[in-house]
Amino acid sequence: MPRANLTQPVVVAAAADLADASGFDQVTVSAVARTLHVQAASLYNHVRDRAELLAGVHELALDELADRIGAAVAGRAGRDALVGLAEAQRIFAREHPGRWAALQQPAAPSTVASPGAGRVATLTMAVLRGYDVPEPELVHVTRFLGATVNGFLALERSGAYAHRRPEPEVSWQRTLTALDALIRAWPPADDEGTPR
């Protein structure tokens, strides 16, 4: 019989906290059970296996990130909204490294269809529509934006920028300025979808 205070959200939240504290790769059913002071068998009443547990962390991270992005872009447009979107991600990655690592994993079909994933996508598209990007180009701009922000954050987290001046913050601000300029000047595509 499952423990009365043990629920699927409690188990997933414990896994997310463990990911932040010890690293995403350290999240296993048995490790989460230890943090909850229960036997691993007790968790199988709430998650099928490690894959479902990790997918739950991914979905929780998407929900939390969507909340952060929503607050950061509310009432903003253009560069201000873009900066809000990027800063929300950077702060989330710093505060929740394990949850952020979950977001870098391939998403399960249920995660792709989750409300959090939908909200992050909708908020990102709303920011980009403020730039008058043509609808067919939105997917390309979204990928470019994600690659730029994720790439910068991954290199910053690895310490790659720690050995050279100026400080990474200066480069981050320059990156945001460049993103704004590049999205404003996004090249139109011809009828076959090739940039002109």
What is the one condition in (1) surrounded by 12 or more Cβ atoms within 10 Å (Cβ to Cβ); (2) more than 25 Å from Gln104 (Cα to Cα); (3) out of contact with any Lys or Arg (no Cβ under 7 Å at 6 or more places or on another chain) that Val38 does not satisfy?
(3)
Given the conditions (1) within 30 Å of Ser22 (Cα to Cα); (2) more than 11 Å from the chain's Cα centre (by Cα); (3) crowded, with 17+ Cβ neighbours inside 10 Å; (4) of a type outside the set (A, V, I, L, M), report the number of the one that Gly118 does not fulfil.
(3)
Candidates Ser110, Ser114, Ser42 - the one that is farther than 30 Å from Ala181 by Cα, free of Cβ contacts under 8 Å to residues at least 60 places away in the same chain, touching a Pro at 6+ places or on another chain (Cβ under 8 Å) and of a type in the set (S, T, N, Q):
Ser42
With criteria (1) surrounded by fewer than 16 Cβ atoms within 10 Å (Cβ to Cβ); (2) in contact (Cβ under 8 Å) with a residue 60 or more places away in the chain, Ala77 comes up short on (2)
Scanning segment 45-85 for residues that are part of a helix (DSSP H, G or I), more than 28 Å from Asp180 (Cα to Cα) and hydrophobic (A, V, I, L, M, F, W, C) gives Ala51, Leu53, Leu54, Ala55, Val57, Leu60
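Among the residues in segment 15-24, are any within 30 Å of Arg184 (Cα to Cα) and exposed (fewer than 15 other Cβ atoms within 10 Å of the Cβ)?
The first filter runs over segment 15-24 and keeps only residues within 30 Å of Arg184 (Cα to Cα), leaving none.
No.
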Can you find a residue in segment 183-192 that is at pLDDT 90 or above, of a type in the set (D, E, K, R) and assigned to a helix (DSSP H, G or I)?
yes
When you scan segment 125-133, do you find a residue that is within 12 Å of the chain's Cα centre (by Cα) and either surrounded by 21 or more Cβ atoms within 10 Å (Cβ to Cβ) or over 17 Å from Ala15 (Cα atoms) (or both), even just one?
no
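Which ones in segment 14-35 are among the hydrophobic types (A, V, I, L, M, F, W, C) and in contact (Cβ under 8 Å) with a residue 24 or more places away in the chain? Please lay out each step first, then the result.
Applying the first criterion (among the hydrophobic types (A, V, I, L, M, F, W, C)) to segment 14-35 yields 14-16, 18-19, 21, 24, 27, 29, 31-33.
Correct list: Ala15, Ala16, Leu18, Ala19, Ala21, Phe24, Val27, Val29.
The values are calculated or read from the model by the stated rules, or taken from the named source; none is laboratory data. None of these values were measured; they are calculated from a predicted model. Note that each Cβ is placed from the backbone with ideal geometry, even for glycine, and that neighbours are counted across all protein chains shown.
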